[in-house]
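Okay, structure first, notes after.
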Amino acid sequence: MKPKVLILDNSLLDVIAIENVLDEAGYDVVKLTSPNGVLAKIDYERPDALLINPWMPRLDSADIIATLASAPEFEEMVLIAIGETDAATLQAFCIEHDLHGYFSKTMDLNGLADFLDNFFVEE
């Protein structure tokens, strides 16, 4: 079984599409389409990676990212920004918040599993 990935995005259609791609690639996928209780969900699920749409309504993404970054139990979690914005905007957000990477939802989602594979060593 591949690592567990939590998808945090308010676009249900995008979440379903991403879930299908990652499921097919063998990832264990959990999802959240509302910012309500996100830290509790992360604490409960203990994902290996978080795909976060930082521009989700009512989500203080900077606060969540800072909280995760400062928690020793999540220091190994891979943080990836996902969004429909252009690559330059996503990249700037990643640099500003020290994320591991970004993936634009406007790209071919079929490449997302291969992209995530780069962050995990096969055991």
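The values are calculated or read from the model by the stated rules, or taken from the named source; none is laboratory data. These figures come from a predicted structure and were not determined experimentally. Using ideal geometry, Cβ is built from the backbone for each residue, glycine included, and neighbour counts are taken over all protein chains shown.
How about segment 62-94: which of its residues are of a type in the set (Asp, Glu) and not in a helix (DSSP H, G or I)?
75, 76, 84, 86
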Checklist outcome for this item: Expected output for segment 52-79 (first residue charged (D, E, K, R), partner assigned to a loop (DSSP other than H, G, I, E, B), Cβ below 6 Å, 6+ apart or cross-chain) is 58/35
Checklist entry - Can you tell which of 99, 90 is out of contact with any Pro (no Cβ under 6 Å at 6 or more places or on another chain), over 12 Å from residue 8 (Cα atoms) and in contact (Cβ under 8 Å) with a residue 24 or more places away in the chain? => result 99
Checklist entry - In segment 95-123, what residues are under 16 Å from residue 5 (Cβ atoms), at pLDDT 90 or above and either outside any helix (DSSP H, G or I) or among the aromatic types (Phe, Trp, Tyr) (or both)? => result 99, 100, 101, 102, 103, 115, 118, 119, 120
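Yes or no, residue by residue, for (1) surrounded by fewer than 12 Cβ atoms within 10 Å (Cβ to Cβ); (2) of a type in the set (Asp, Glu):
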{"site": "60", "(1), (2)": "no, yes"}
{"site": "70", "(1), (2)": "yes, no"}
{"site": "78", "(1), (2)": "no, no"}
{"site": "83", "(1), (2)": "no, no"}
{"site": "89", "(1), (2)": "no, no"}
{"site": "100", "(1), (2)": "no, no"}
{"site": "103", "(1), (2)": "no, no"}
{"site": "109", "(1), (2)": "no, no"}
Checklist entry - Picking from 35, 57, which residue would you name as being more than 15 Å from the chain's Cα centre (by Cα) and not in a helix (DSSP H, G or I)? => result 57
